[in-house]
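Novice: Dropping a structure here in structure tokens format, bear with me for questions.
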Amino acid sequence: MVSLSGGNRAIQPLGALIEHGHRNGYRFASETQGSVARDWFAELDALILSPKPPSSEMTTDWAAFEACVEAARDKPQIVLKLVVFDEKRLRLCQGCRRALSATACVSAARQHTAAPL
């Protein structure tokens, strides 16, 4: 499995690389913050969506995040990467849950005991 990570990979035109790699037997995963959707997401074997945490002082654009999921077209495995250790991150996880109804977000949020869902 080739991992395309580091920075926001979605700003790069990686479709041709993924296509070439698949022809040669490679599998691909990419991690992105979910702010830029690309057609090549559908060619991945795994798409890891990891929205920026509140500590980054960025606001998550849930419409853009959903566009990334839609760009994947149910083809690759979609993984949500969220670290929950304080109230701000719990709210991020809850926002993800509302935006996508994602089981992974529910599971992560349940591990945090400071505030009920």
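The values are calculated or read from the model by the stated rules, or taken from the named source; none is laboratory data. Just so you know, these numbers come straight off a predicted model, no measurement behind them. No Cβ is skipped: glycine too gets one built from the backbone with ideal geometry, and neighbour counts run over all protein chains shown. All accessible areas refer to the heavy atoms of the entire protein, side chains included, with ligands and DNA or RNA removed. Shrake-Rupley method; radii C 1.70, N 1.55, O 1.52, S 1.80 Å.
Novice: Provide the packing ranking of 40-52, 10-22, 82-94, i.e. peptides ordered by the mean count of other C-beta atoms within 10 Å per residue, highest first.
Specialist: 40-52, 82-94, 10-22
Novice: Also, I was wondering about something else. Given R₀ = 22 Å, FRET efficiency for Lys52-Val2 by Cβ-Cβ distance, to 0.05?
Specialist: Computed FRET efficiency for Lys52 and Val2 comes out at 0.35.
Novice: Residue separation times 0.36 nm, minus the C-alpha to C-alpha distance between Trp62 and Arg27: what's the value?
Specialist: Going from the current span to full extension adds 9.8 nm.
Novice: Still on this structure: Give me the 1.4 Å probe accessible area per residue for the stretch 50-92, excluding ligands and nucleic acids, in Å².
Specialist: 64 Å²
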